[in-house]
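Engineer: Quick one: this structure, given as structure tokens, is what I'll be asking you about.
Every number here is computed from the coordinates shown, using simple stated rules; none is lab data. None of these values were measured; they are calculated from a predicted model. Quick reminder, even Gly has a Cβ in these numbers, built from the backbone with ideal geometry, and neighbours come from all protein chains shown.
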Amino acid sequence: MPFVEDFTLFFQSSEFATDAMLGGEPVRGIFDNGYQAFEVAAGVYATGPVFLIASSDVPENVDGLSLVMGSDVWNVVEPEPDGTGTTLLRLRKG
């Protein structure tokens with residue numbers, strides 16, 4: 001049986017979460033623009049901002065969608081579901 005957690009409290013805007021629009025739909029997640037290294041090819045690493053979101057809020061074809069937070073626009077370059085009910089969206093400035 002897969003591990004699935006209730007992240008409702010974690011994704012409250014009064015706690016850690018930020019309201020955003022993903023592909024024109026409202027979502028709530030945790031934005032992090034700190035150092036995050038990820039492998040883009042064998043031995044090739046890149047850094048970039050990420051947005052942690054409930055997997056149930058991720059559209060089926062999320063690659064390339066715009067994530068808008070205030071006046072900032074980011075493009076989703078890679079979703080990474082973690083198997084626990086959250087997905088990390090790797091972002092690039094739009």
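Engineer: Take peptides 83-92, 52-61 and line them up by average Cβ neighbours within 10 Å, highest first, as a rough protection proxy. Before the final figure, lay out each step's value.
Structural biologist: Values: 83-92: 17.9, 52-61: 15.0.
Highest to lowest by the protection proxy: 83-92, 52-61.
Engineer: Moving on to the next point. Excluding residue 76 itself, what net charge comes from residues whose Cβ is under 14 Å from its Cβ, given Lys and Arg +1 and Asp and Glu -1? Could the numbers behind the result be given before it?
Structural biologist: Details: positive: 90, 92, 93; negative: 25, 57, 60, 63, 72, 78, 80.
The answer is -4.
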